[in-house]
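The values are calculated or read from the model by the stated rules, or taken from the named source; none is laboratory data. These numbers were taken from a predicted model, which means no experiment stands behind them. A quick note on method: Cβ atoms are made from the backbone with ideal geometry, for glycine too, and the neighbour counts reach across all protein chains shown. What goes into the accessible areas is simple: the full protein's heavy atoms, side chains included, and nothing from ligands, DNA or RNA. Shrake-Rupley method; radii C 1.70, N 1.55, O 1.52, S 1.80 Å.
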Amino acid sequence: MTSPHDETHANPEPAIAVVMASLSLGGRRVLNAIDLECAYGHVTALIGPNGAGKSTLLSLAAGDVRPDTGHVSLAGRRLEDLSVAELAAHRAVMPQDSVLRFAYQVEEVVRMGRALRDLPPARDDTVVTESLRTAEIEHLASRDAMTLSGGEQARTTFARVLAQETSILLLDEPTAALDLRHQERLLRSARALARAGSCVVVVLHDLNLAAAHADRLVLLADGGVEAQGTPWQVLDAGRLTRVYRQPVSVLTHPRRHCPVIVTCDAEGDDAEGLAPSHEADNPMEASFPS
Amino acid sequence: MRLTLPRYLTNTERPHRRRPAAMPLYCGLAGAVVLTLAGAAMTGQVPLTLGQMLAAVAMPFDVDDGQRLAHVVFWELRLPRALMALLVGAALAMSGAALQGLFGNPLADPGIVGVSSGASLGAVTVIVLQLDALGPWTLPLGAFVSAAATTALIYALAMRTRQGGNANLLLIGIAINAIAGAITGYLTYLASTEQLESLLFWSMGSLGNIDWRAVGVITPIVVFAGWLLRRQAAPLDLLALGERQARHAGVDVTHLRRRLVVLTALLTAAAVSFTGTIGFVGLVIPHLIRLLMGPSHRHLLPLSALAGGLLLMLADIGARSLDPPSEIPIGILTATLGGPFFLWLIARGRSMGRHT
Ligand SMILES: Nc1ncnc2c1ncn2[C@@H]1O[C@H](COP(=O)(O)OP(=O)(O)OP(=O)(O)O)[C@@H](O)[C@H]1O
Ligand SMILES: [Mg+2]
């Protein structure tokens, strides 16, 4: 199991502080009095059902929208005091969908990540090459980025986000389009960045990826924080069954010893019966062939 | 830590075509511009020999009596006219490239989306109402104010109804062109006979009435606006990622948009004020440059300026020499070239980019 290396980072300010933030969109309360702190050195995963407010919370932290009440700080400064350029120096965002309008090459797209950053141009080539390598798209460097497959696009966007070289990374479902290898690789590099002192916040639908790679999980439901803590604390079968309205069982990963969530059938008289909450304390390791 | 190898070692595996170097294209276009400038100065109803032209260039102020005609033709007719074609072509091509970046749509052209007719409306207003507050600058200023307002309106409409894609921008263009055309029509209706004459002459898109004063007015506008526009190259590139992601990467989209609206309006107005509406240069040229050099605005803007100027100088030579002694309006020539090209772009489809 992973444990945050608190001693690696001496920055006392939380990277992201959301204080009592509420937001209504189109007359609906989308976020309700959210209190959340994300520290440098950690990977925080936002999980929760569709429409729970994960993307909205992420765009709140990114500075795309202002909360109706409450406030958000990045690196100890209120978002409204930060200029667009300062924001770009603090945080990079990988959105849920990506757009490209002209036939730029993959390497040019990755380079855009740092085009407006006030960084020494001498390092541009190194960082871009490095980012391409991390996302494993070096072989696509000169390809027309409009002709990429969905996963290749996502990896290009991830490389661009890396090239921005910020200490806060906000990733919205970065693994949704990726194959198994690249899901793991992306989250492993996110974790490596956190170990080096960055703050990574990542929205994930795959609870197993979240359990395996995040230091901390934040479970959102109906615009509020339902639970937060370590994967073992948050991924409680009863809670997940209730929040997701889908019976699940929680097992233990045979190698990583983190929680593994499997869905169950809802047949039988009541869903709760299929997913007794004490399973979280008594993992069914036996069900995994080793 | 990973070993840092020299780039020529790490970059051996490049299965796809890298962008060609830009320098040869800059040199080639600049050379072609100079040659075409000379060609434009020599061809016409009174052909000049190379010797006559060089003599005129060598002695701008004192004239041999035997050289007088050649001297006047070169300095008073041909050179200002060719320079005007160069500047107007550059202005239209750069304005097209910038509009395409702003709208994220390669079909955006000052003529098609209606910026040019907005500029015309302003210019016609100045002519018909006989405004003369700023001397020779009144006409371009009127065109500019009207063009800027039109561009802002088009942008607001296009962003509000973004889902429609290409078709939408074109529909907005049709509507804007119709409205601006209608108001221009009323003004024309109100115009006196002598105003009508200058309106007609001007509305066909012609380089026939160019003097040094006009060149003196348009040169600083095009050079300055072009320079400012070139400084927006990096944010313009980022705008291709969509407004939200551009903002994430550090583009102040609101400011950028305002600057682009002003600069494209300025360039379009400068062109329209002196030569009427000349269509399609802003559509064809940036597209060809993108095919050759890729969409990066660092090269797209200056190369489009050179190629646009070159195209319009060539078109003007054609306009003057296809049916001598009369002149074919240059707007008709560019439309002959640009219209089919426009259709081909629409038919090719893929133009609106990737949305996932
Ligand atoms: N502009 C808007 N107007 C009205 N409602 C909105 C708007 N944007 C988001 N919502 C609503 O807010 C809720 C939260 O949206 P959000 O995108 O944050 O969900 P999410 O947790 O990211 O969901 P998913 O897992 O599907 O990505 C949803 O019910 C959505 O319909
Ligand atoms: Mg979402």
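I'd like to know if the stretch B:285-293 contains one or more residues that are charged (D, E, K, R), open to solvent by 10 Å² or more (accessible area, probe 1.4 Å) and assigned to a helix (DSSP H, G or I). Before the answer, list the steps.
Let us first name the residues in the stretch B:285-293 that are charged (D, E, K, R), namely B:290.
Then drop every residue that is not open to solvent by 10 Å² or more (accessible area, probe 1.4 Å), which leaves B:290.
Going one step further and asking which of them are assigned to a helix (DSSP H, G or I), we end up with B:290.
Yes, that holds for at least one residue.
Residue check: is residue A:82 away from ligand 1 (no atom under 16 Å from the Cβ), open to solvent by 10 Å² or more (accessible area, probe 1.4 Å) and in the same structural domain as residue A:229 (by TED's automatic domain parsing)?
Numbers: away from ligand 1 (no atom under 16 Å from the Cβ): yes; open to solvent by 10 Å² or more (accessible area, probe 1.4 Å): yes; in the same structural domain as residue A:229 (by TED's automatic domain parsing): yes.
Against the criterion (away from ligand 1 (no atom under 16 Å from the Cβ), open to solvent by 10 Å² or more (accessible area, probe 1.4 Å) and in the same structural domain as residue A:229 (by TED's automatic domain parsing)), residue A:82 qualifies.
Tallying residues that are in a loop (DSSP other than H, G, I, E, B) and within 16 Å of ligand 1 (Cβ to nearest atom) within the stretch A:144-177 yields 5. Checking every residue in the stretch B:313-329 against the condition of being in a helix (DSSP H, G or I) and within 23 Å of residue B:147 (Cα to Cα) gives zero matches.
Kindly evaluate residue A:217 against the criterion of being farther than 22 Å from residue A:40 by Cβ, of a type outside the set (Asp, Glu) and modelled with pLDDT of 95 or more. Lay out the reasoning, then the answer.
On the way: farther than 22 Å from residue A:40 by Cβ: no; of a type outside the set (Asp, Glu): yes; modelled with pLDDT of 95 or more: yes.
Against the criterion (farther than 22 Å from residue A:40 by Cβ, of a type outside the set (Asp, Glu) and modelled with pLDDT of 95 or more), residue A:217 does not qualify.
Tallying residues that are away from ligand 1 (no atom under 16 Å from the Cβ) and free of Cβ contacts under 8 Å to residues at least 40 places away in the same chain within the stretch A:197-223 yields 0.
Applying the set (1) in contact (Cβ under 8 Å) with a residue 60 or more places away in the chain; (2) more than 30 Å from residue B:81 (Cβ to Cβ); (3) away from chain A (no Cβ under 14 Å); (4) of a type in the set (S, T, N, Q) to residue B:219 leaves exactly one unmet item: (2).
What helices (runs of 4 or more DSSP H) lie completely within the stretch B:60-116 and have 3 or more residues being open to solvent by less than 10 Å² (accessible area, probe 1.4 Å), in contact with a Pro (Cβ under 7 Å, 6 or more places away or on another chain) and at pLDDT 90 or above?
Working: elements: B:68-72, B:79-103, B:110-113.
Once the helices (runs of 4 or more DSSP H) in the stretch B:60-116 are filtered for at least 3 residues that are open to solvent by less than 10 Å² (accessible area, probe 1.4 Å), in contact with a Pro (Cβ under 7 Å, 6 or more places away or on another chain) and at pLDDT 90 or above, what remains is B:79-103.
Taking residues in the stretch B:17-34 that are surrounded by 12 or more Cβ atoms within 10 Å (Cβ to Cβ), and partners anywhere that are modelled with pLDDT under 95 and in a helix (DSSP H, G or I), the pairs with Cβ atoms closer than 7 Å and at least 6 places apart or on different chains are B:19/B:293; B:22/B:293; B:25/B:292; B:25/B:293. Scanning the stretch A:59-78 for residues that are crowded, with 23+ Cβ neighbours inside 10 Å and either within 15 Å of residue A:218 (Cα to Cα) or more than 16 Å from ligand 1 (Cβ to nearest atom) (or both) yields A:61, A:74. Of the residues making up the stretch A:37-54, those that are within 16 Å of ligand 2 (Cβ to nearest atom) and surrounded by 20 or more Cβ atoms within 10 Å (Cβ to Cβ) are A:44, A:45, A:46, A:47, A:48, A:52, A:53, A:54.
Filter the stretch B:285-308 for residues that are out of contact with any Ser or Thr (no Cβ under 8 Å at 6 or more places or on another chain) and under 25 Å from residue B:215 (Cβ atoms); which is farthest from the other protein chains (Cβ to nearest Cβ)? If we take residues in the stretch B:285-308 being out of contact with any Ser or Thr (no Cβ under 8 Å at 6 or more places or on another chain) and under 25 Å from residue B:215 (Cβ atoms), then B:306 is farthest from the other protein chains (Cβ to nearest Cβ). Of everything listed in (1) open to solvent by less than 40 Å² (accessible area, probe 1.4 Å); (2) at pLDDT below 95, the single unmet condition for residue A:177 is (1). All of B:2, B:14 fail the test of being surrounded by 10 or more Cβ atoms within 10 Å (Cβ to Cβ), within 12 Å of chain A (Cβ to nearest Cβ) and at pLDDT below 80, apart from B:14.
Of the strands (runs of 3 or more DSSP E) contained entirely in the stretch A:39-134, those carrying at least 1 residues that are more than 11 Å from every other protein chain (Cβ to nearest Cβ) fall at A:43-47, A:69-74. Filtering the stretch A:134-157 for residues that are under 17 Å from residue B:246 (Cα atoms) and within 16 Å of ligand 2 (Cβ to nearest atom) leaves a non-empty set.
Residue B:53 satisfies every condition listed in (1) open to solvent by 50 Å² or more (accessible area, probe 1.4 Å); (2) modelled with pLDDT under 90; (3) among the hydrophobic types (A, V, I, L, M, F, W, C) except (1). Tell me whether the stretch B:234-255 contains one or more residues that are among the hydrophobic types (A, V, I, L, M, F, W, C), on the phi < 0 side of the Ramachandran plot, within 19 Å of the chain's Cα centre (by Cα) and more than 7 Å from chain A (Cβ to nearest Cβ). Within the stretch B:234-255, one or more residues are among the hydrophobic types (A, V, I, L, M, F, W, C), on the phi < 0 side of the Ramachandran plot, within 19 Å of the chain's Cα centre (by Cα) and more than 7 Å from chain A (Cβ to nearest Cβ).
Looking at A:147, A:166, just one residue is open to solvent by 10 Å² or more (accessible area, probe 1.4 Å), over 17 Å from residue B:249 (Cβ atoms) and of a type in the set (Ser, Thr, Tyr), and that residue is A:147.
Looking for something farther than 28 Å from residue B:121 by Cβ, touching a helix residue (DSSP H, G or I) at 6+ places or on another chain (Cβ under 6 Å), touching a residue at least 24 places away in the same chain (Cβ under 8 Å) and open to solvent by 10 Å² or more (accessible area, probe 1.4 Å) - is there at least one such residue anywhere in the stretch B:319-333? No, the stretch B:319-333 contains no residue that is farther than 28 Å from residue B:121 by Cβ, touching a helix residue (DSSP H, G or I) at 6+ places or on another chain (Cβ under 6 Å), touching a residue at least 24 places away in the same chain (Cβ under 8 Å) and open to solvent by 10 Å² or more (accessible area, probe 1.4 Å).
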